[in-house]
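Visitor: Handing you a structure now.
Since every read-out is calculated from the coordinates, none of them should be taken as a lab result. It should be emphasised that the depicted structure is a prediction, and the values quoted were computed from it without experimental measurement. No Cβ is skipped: glycine too gets one built from the backbone with ideal geometry, and neighbour counts run over all protein chains shown.
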Amino acid sequence: MPKFQILIVEADAILAQAVKTRLLQAGYEVAGLVADGTTAIALVQQRLPDLILMGIHLQGTLDGIETADQLRGICDRPVVYLTNETQPQTFERAKATHPYGYLLHSCCDRELITTIELAIARHQAESALRESLQQQQEICEMQARFVSMVAHEFRNPLNSILFSTELLNRYGTQLADDKRDAYFQRIHGSIRRMHQLLDDVLTIGEAEAGKLTYQPQPLNLLQVCQDVLHDLQPSEGFTHPVVFTYSPDLLHDRNTQHCLDERLLRHILGNLLSNAIKYSPQGQSIFFDVVCNKEEVVFRIQDQGIGIPISDQAHLFHEFHRASNVRTIPGTGLGLAIVKQCVDRHDGHVEFHSEVGQGSTFTVTLPLAQTLVHPPSSVVA
């Protein structure tokens, strides 16, 4: 039997000591002997006993029933009354405080132990049920936020596609080539945005279900970084030049294949670079630096954008959380949560430094599973 802690609240010192002896013989721990309600409330908050055996007549201004009633609003601890009081009106008062039992001092040890065990078991079951209901409520609220977010984030690119296609359909032959290209570019960018949103949603779903796998394979790290940058160019890169620097070995030792999970790596870099661009003024440079050695690779992405308020930084990697200063800048609040999940799958770590109005720097360190050297003839330029 687990050693549950029982607090005894009883004004009669002899009765209290007798109850303590019975409990110790039954294998319980006694959290204390208290004679008044005020001290009992303070001790319950301090020690959080598993159960309180409460007398009715106590010292001080509070009787046992008033003490139990106040405890209900302060902390969730089961109370069993143990008293010699048999008056019906007293029992009705006690019943109104929703106790887990009402025993007389004359009860036998078996009855006392059975009542205590049932009370603690019932309390644990009720606590687990409340926790489950709270989790279900949080899930429902998250699902509602998710549906609202997806609907909102899809509406803008869909409207952009609809508007552009209608203009092309109606005036396509009358538009100048550069104007027509601009509309096609807008359609392409909107489709990319919706594709990214769907990809983010699926990735978060995999992570929540424990199915976000880590499958490191040899890859050309420099090529992956360049591909990610190229993917950002059509809709964003022209207004935000990216200064890309990297370790000389990535250029000179082209036969080295670094082992990382390419899909997860693309999520990490894509989201961090996209955020750096999204939250920076047009024309501001983004700095992307990669440093690699035999054991690990470090990615550093720095912007000169709006920065992250201190009050938001503790929740930065939580799903759907967005900084309070993003204003009307579109976003889902999923990007950094995905970054954290993908970094964790690599057993890496992500750090950041940010000041409002000064920009942000994110540093991701990923251990390399291994490095394999292939003959030059096996490398495709």
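Visitor: Calculate one ³J(HN,Hα) per residue across region 52-61 by plugging θ = phi - 60° into the Karplus curve 6.51 cos²θ - 1.76 cosθ + 1.60, and present them in order as whole Hz with x for glycine and proline.
Guide: Per-residue couplings from phi come out as 10, 8, 10, x, 8, 8, 10, 6, x, 7 Hz.
Visitor: For the chain, what is the calculated [θ] at 222 nm in deg cm²/dmol (nearest 500), taking -39500 (n - 2.57) for each run of four or more DSSP H residues and dividing by its residue count?
Guide: -16500 deg cm²/dmol
Visitor: Next question, about the same structure. Tell me, what HN-Hα J-couplings in whole Hz come from the Karplus equation 6.51 cos²θ - 1.76 cosθ + 1.60 at θ = phi - 60° for each residue of region 274-282, using x for Gly and Pro?
Guide: Working through the residues one at a time gives 4, 5, 4, 5, 4, 9, 10, x, 4 Hz.
Visitor: Is the C-alpha gyration tensor of region 217-378 telling us rounded, prolate or oblate? Criteria: a/c under 1.5 is rounded; beyond that, a/b larger than b/c is prolate, otherwise oblate.
Guide: Here region 217-378 falls in the prolate category.
Visitor: Here is a follow-up. Need one word for region 1-114: rounded, prolate or oblate. Basis is the Cα gyration tensor (sqrt eigenvalues a ≥ b ≥ c); a/c below 1.5 gives rounded, then a/b vs b/c decides.
Guide: Rounded is the answer for region 1-114, as its axis ratio a/c remains below 1.5.
Visitor: On C-alpha positions alone, give me the angle between the axis of helix 177-208 and the longest principal axis of the chain, in degrees, nearest 10.
Guide: Here the helix axis deviates by roughly 30 degrees.
Visitor: GNM on the chain, C-alpha springs below 10 Å: top fluctuator among V291, V80, V201?
Guide: Greatest mean-square fluctuation among the candidates belongs to V80.
Visitor: Based on a Kirkwood Rh over C-alpha pairs, give the Stokes-Einstein translational diffusion coefficient of the chain at 20 °C and viscosity 1.002 mPa s in µm²/s.
Guide: Here the translational diffusion coefficient equals 81 µm²/s.
Visitor: Distance between the C-alpha centers of region 153-206 and region 301-376? Whole Å please.
Guide: Here the answer is 27 Å between Cα centres.
Visitor: Could I ask something else about it? What is the extension gain from E206 to L48, computed as 0.36 nm multiplied by their sequence separation minus the C-alpha to C-alpha distance, in nm to one decimal?
Guide: Computed gain between E206 and L48 is 53.0 nm.
Visitor: Something else now. Of T83, V44, L23, which is farthest towards the positive pole of the chain's charge dipole, taken about the Cα centre with +1 and -1 on the beta-carbons of Lys, Arg and Asp, Glu respectively?
Guide: So the residue we want is V44.
Visitor: Now for a separate question. Could you please report the charge total around L62, scoring K, R as +1 and D, E as -1 over all other residues with beta-carbon less than 11 angstrom from its beta-carbon?
Guide: So the surrounding residues net to -4.
Visitor: For K179, give me every one of the lysines with a C-alpha distance below 29 angstrom, ignoring sequence neighbours fewer than eight places off in its own chain.
Guide: Within the straight-line cut-off, K179 pairs with K278.
Visitor: What is the helix-to-structure angle for 13-25, meaning the angle in degrees between its Cα long axis and the longest Cα principal axis of the chain, kept from 0 to 90 and rounded to the nearest 10?
Guide: Tilt relative to the chain: about 60 degrees.
Visitor: Within region 21-57, find all residues whose amide N lies under 16 Å from a label point positioned 7 Å from the Cα of N84 along Cα-to-beta-carbon.
Guide: 55-57
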